Structures are given as structure tokens and as C-alpha cells.
1. Using a probe of 1.4 angstrom, how much of the accessible area of the chain is carbon and sulfur, in percent?
2. With label points built 7 Å along Cα→Cβ from the Cα atoms of Val39 and Val51, find their separation and express it in nm.
3. Counting only protein chains, not ligands or nucleic acids, how are Arg45, Arg13 ordered by accessible area (probe 1.4 Å), most first?
4. Do the sum for the chain: with -39,500 (n - 2.57) for every DSSP H run of n ≥ 4, divided by all residues, what is the mean residue ellipticity at 222 nm, to the nearest 500 deg cm²/dmol?
5. Using θ = phi - 60° and the Karplus form 6.51 cos²θ - 1.76 cosθ + 1.60, what ³J(HN,Hα) does each residue of region 27-38 get, whole Hz, x for Gly and Pro?
6. Once both axes come from the Cα atoms, what is the angle between helix 2-15 and the longest principal axis of the chain, in degrees from 0 to 90, rounded to 10?
7. Give the dimensionless ratio obtained when the Cα radius of gyration of the chain is divided by 2.2 N^0.38 Å.
8. Hey, can you grab everything whose amide H is under 5 Å from the amide H of Ala46? Only 5+ residues off in sequence or another chain; H modelled, so Pro and N-termini drop out.
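The values are calculated or read from the model by the stated rules, or taken from the named source; none is laboratory data. Here the structure is a predicted model, which is why all the values come from computation and not from measurement. Don't worry about glycine lacking a Cβ; one is built from the backbone with ideal geometry, like all the others, and counts go over all protein chains shown. Quick note on the areas: whole protein, heavy atoms, side chains included, nothing else; ligands and nucleic acids left out. Shrake-Rupley method; radii C 1.70, N 1.55, O 1.52, S 1.80 Å.
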Amino acid sequence: MPVQAGINAQLHREVGHPVGAAFVSFFIGTVALVVLYAVLYFGGRAPAPAVGKLISAPWYLVYTGGLIGV
């Protein structure tokens, strides 16, 4: 997305390092996702997290999705 690239570039200039900018970006995204999920969960529109299924999932499915997103 062109908008995201521009915002990331500006954030990099403000923070002073690309890894720091990525950290800020992912931290804010994680907080937003947690808040969204909580609203959906407590509103009865999302199921409880299936931690048991996550534990039994193949390791490469659990980790590669997050790593590719970085």
C-alpha cells in the first residue's frame, strides 16, 4: 500500500532507525488488534481463542505467519 510505505518512512525519520519504526508500528497494530478482538469477544461476535488447537498446530504454521508479516 503506498500510504503505508509513506507513513513508515516518516516514522523511520522520527524514530531514527527502521527497526525502531517497525517496533512502534507493530506494537500499535498489536494493541489495536487486542482491543478489536476484546470488543468482538465480549460482544459475542468472536469465539474464545482456541489455545489447545494452537499448541497442537505444526510449529511452522504458528511461527512463519508472524515472521512473514514482519
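1. On the chain, the fraction of accessible area on carbon and sulfur atoms equals 73 percent.
2. Result for the modelled spin labels: 2.5 nm.
3. Numbers: Arg45 195, Arg13 165 Å².
Result, largest first: Arg45, Arg13.
4. Values: 4 runs with 56 residues, N = 70.
It comes out at -26000 deg cm²/dmol, rounded to the nearest 500.
5. Each residue's phi maps through the Karplus curve to give 5, 5, x, 5, 4, 4, 5, 5, 5, 4, 5, 4 Hz.
6. 70
7. Output field value: 1.43.
8. Distant-sequence amide H within range of Ala46: Tyr41.
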